[in-house]
1. Just checking, how many residues over region 561-579 are open to solvent by 10 Å² or more (accessible area, probe 1.4 Å) and not polar (S, T, N, Q)?
2. Kindly list, by first and then second residue, each pair from a residue in region 291-317 that is closer than 14 Å to V102 by Cβ to a residue that is open to solvent by 30 Å² or more (accessible area, probe 1.4 Å) and small (G, A, S), limited to pairs with Cβ atoms under 7 Å and residues at least 6 apart or on different chains.
3. Would you mind telling me which numbered condition in (1) of a type in the set (A, V, I, L, M, F, W, C); (2) surrounded by fewer than 18 Cβ atoms within 10 Å (Cβ to Cβ); (3) in a helix (DSSP H, G or I) A480 fails?
4. Here is a check on your reading of the model: is V554 surrounded by 24 or more Cβ atoms within 10 Å (Cβ to Cβ), in contact with a Lys or Arg (Cβ under 9 Å, 6 or more places away or on another chain), within 25 Å of Q482 (Cβ to Cβ) and of a type in the set (A, V, I, L, M)?
5. Suppose we filter region 347-380 for residues that are of a type in the set (S, T, Y) and farther than 20 Å from T503 by Cα; how many remain?
6. Could you check region 585-619 and list, in sequence order, the residues that are over 18 Å from N351 (Cβ atoms), among the acidic types (D, E) and assigned to a loop (DSSP other than H, G, I, E, B)?
7. Between E120, E139, which is open to solvent by 30 Å² or more (accessible area, probe 1.4 Å) and either more than 24 Å from the chain's Cα centre (by Cα) or touching a residue at least 40 places away in the same chain (Cβ under 8 Å) (or both)?
8. Does at least one position in region 167-189 carry a residue that is on the phi > 0 side of the Ramachandran plot and open to solvent by 50 Å² or more (accessible area, probe 1.4 Å)?
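The values are calculated or read from the model by the stated rules, or taken from the named source; none is laboratory data. Note that the coordinates shown come from a computational prediction; the quantities given were computed from them, not determined experimentally. Here the Cβ is made from the backbone with ideal geometry for all residues, glycine too, and neighbour counts use every protein chain on show. These accessible areas exclude ligands, DNA and RNA; they are computed on the full protein's heavy atoms, side chains included. Shrake-Rupley method; radii C 1.70, N 1.55, O 1.52, S 1.80 Å.
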Amino acid sequence: MKLRKHLLLTLLIAATVAALAMPLSGSASVAAQGDDDKPTVGLVMKSLGAEFFKNMEEGAIAHAEERGDLELIPLGTQTQEELDQQISLVENLTTQQVDAIVIAPMDSRALVPPLVVAMEAGIKVINIDVMLDQETMQEAGVNIPFLGPDNVEAAKMVGDVLADELGEGGKVIIIEGIPGALNAQQRKEGFVQAIDEGGLELLTSNTANWEIEEAFTVFSDLLTRYPDVQGVMAANDAMALGVVQAIDAAGLTGQIKVVGFDNDPSIRPLIAEGKVLATVEQFGSQQAALGIDAAMEAIDGKEFEEWVKTPVVLVTADNVDDADLMPAEEPTEQATVGLVMKSLGAEFFKNMEEGAIAHAEERGDVDLIPLGTQTQEELDQQISLVENLITQQVDAIVIAPMDSRALVPPLVDAMEAGIKVINIDVMLDQETMQEAGVNIPFLGPDNVEAAKMVGDVLADELGEGGKVIIIEGIPGALNAQQRKEGFVQAIDEGGLELLTSNTANWEIEEAFTVFSDLLTRYPDVQGVMAANDAMALGVVQAIDAAGLTGQIKVVGFDNDPSIRPLIAEGKVLATIDQFGSDMAALGIDAAMEAIDGKVFEDWVKTPTLLVTADNVEVE
């Protein structure tokens with residue numbers, strides 16, 4: 001995310017104004033009010049003299065202020081024909097190194113090259129209002145997502161109103177937008193479809209380049225050439241307004257029926273009076289807001305389809321006064337996410353399950369299937385859980401794998417079935433994934449760093465020469481290996497003596513048995529580093545059973561509720577909180593974003609916290 005300074009923005013915007021010799025919609029305050037860590041989004045519109053783009057600008061500014069997490073630079077030209085100036089606006093935003101550009105292009109082909117330059121500079125680009133030309137983008141090797149209406153469908157919709165009013169044989173004229181603009185071409189196409197299906201007669205089709213004054217002049221001339229015209233299809237409301245003015249000036253008020261496109265405020269009274277039959281609302285202000293949201297998501301890694309359709313609504317005398325024309329949103333489909341954990345007999349995973357269920361209920365848009373094994377060693381059972389979720393055709397799987405290698409093949413099967421996979425808690429083996437040709441994102445802690453942190457507490461307590469034992473997790477589990485690595489680093493740096501390192505497979509009972517035996521073999525042991533709190537608890541039980549309470553110092557890992565009283569009593573020096581319940585919640589959020597198209601880095605680090613007697617919370 002690029003940093004922005006108030007002064008730099010002000011100077012650059014001022015330079016743009018000077019270079020183009022025209023008043024740009026500055027809202028420099030929108031850019032200047034944000035702090036430097038916020039991403040900067042440039043909104044490039046067409047003529048800010050047109051009501052449609054004035055409304056777009058106002059809606060965009062209001063939306064950016066409501067979000068509060070971006071700096072918006074809204075820019076536009078003076079007229080609908082200043083193509084070179086719109087290109088310059090894009091070039092200036094590229095020079096400013098904004099994070100994203102949202103653009104309503106004046107020309108579908110000519111804007112592609114400067115936008116490609118912006119993309120090559122690492123700037124995200126979102127296209128709104130008018131779709132950029134597909135062939136030109138293909139030749140340039142880019143794919144810029146489009147958020148906007150179906151202009152053909154919308155123009156046919158409003159054209160059908162005129163066809164129904166005039167009946168078969170009605171004589172009509174089309175007033176087009178700028179011929180090179182794709183939306184102008186598409187709206188003409190929709191009008192022609194309505195003419196053909198309605199059996200109307202098309203007298204002529206002429207451009208007025210989106211402008212009121214030009215439409216007045218053009219249609220005044222056409223009235224003398226086609227005095228029998230009965231209806232007009234104008235490709236925007238500005239031109240519809242110019243047409244109505246020409247009709248009124250010719251003393252033909254109400255005799256020629258007109259339809260427009262955009263639902264500008266100025267056209268609504270004419271609809272209410274009957275001078276205009278209908279227009280189309282394409283929600284320009286919301287379109288810019290959607291573009292800003294998409295830009296922010298693109299900055300965050302989301303990928304979009306080529307065309308995200310935005311709504312259109314036909315506006316007639318029946319609904320012109322309605323305050324809210326936006327169609328009701330379709331109910332969001334619930335996504336099904338399987339959460340695969342290890343032993344639900346372990347407090348860490350009990351807490352993870354509880355946190356995940358609560359988070360899914362709070363979100364309200366996910367059906368969660370929380371699953372786990374009975375013990376930490378039932379690898380085949382965990383693999384079966386994944387296979388069953390594939391059979392159920394869930395949308396995503398969030399997994400804390402029991403084995404970093406053995407879980408990769410069934411997860412590859414899930415991905416091949418179109419299921420998104422998010423890895424939490426224990427990182428899957430990189431080499432195994434590379435061999436399988438997949439990359440599964442990991443959300444989890446740095447186990448080496450965290451284990452060293454808690455190991456350092458024991459080293460400080462015992463001092464150089466202190467004799468310690470490591471109680472490891474399952475040897476095949478990557479987090480067990482990583483925690484042992486962190487412990488060994490603490491031992492080496494602290495000058496401790498490592499007597500032995502044995503596994504207890506994450507389990508309390510096994511840790512009790514293993515450490516009871518080790519006490520007889522190493523009666524001079526002074527400290528224990530246990531790779532989870534369940535094993536730390538088993539070690540403390542063995543120490544108590546041997547009548548050595550308080551004489552051997554212990555550290556653990558996980559911050560299980562059962563270990564906290566022992567920290568408060570001094571039987572355990574420290575543990576690590578890796579926020580298991582939060583980790584599952586983050587995994588669910590990531591899964592939902594992955595379903596929605598977001599791409600993640602290989603490793604999204606989650607936080608850890610050293611817990612000692614100074615900050616332990618005992619329930």
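1. So the first thing to find is which residues in region 561-579 are open to solvent by 10 Å² or more (accessible area, probe 1.4 Å), and the list is 561-562, 564-566, 568-571, 573, 577, 579.
Among the residues that remain, those that are also not polar (S, T, N, Q) are: 561, 564-566, 568-571, 573, 577, 579.
Counting residues in region 561-579 that are open to solvent by 10 Å² or more (accessible area, probe 1.4 Å) and not polar (S, T, N, Q) gives 11.
2. Note: no pairs meet the criteria.
3. Against the list (1) of a type in the set (A, V, I, L, M, F, W, C); (2) surrounded by fewer than 18 Cβ atoms within 10 Å (Cβ to Cβ); (3) in a helix (DSSP H, G or I), A480 comes up short only on (2).
4. Yes; evaluated as a whole, the condition is true for this residue.
5. Here the count works out to 0.
6. D596, E601, D602, D614
7. Values: E120 fails: either more than 24 Å from the chain's Cα centre (by Cα) or touching a residue at least 40 places away in the same chain (Cβ under 8 Å) (or both).
Sole residue among the options that is open to solvent by 30 Å² or more (accessible area, probe 1.4 Å) and either more than 24 Å from the chain's Cα centre (by Cα) or touching a residue at least 40 places away in the same chain (Cβ under 8 Å) (or both): E139.
8. Checking region 167-189: not a single residue is on the phi > 0 side of the Ramachandran plot and open to solvent by 50 Å² or more (accessible area, probe 1.4 Å).
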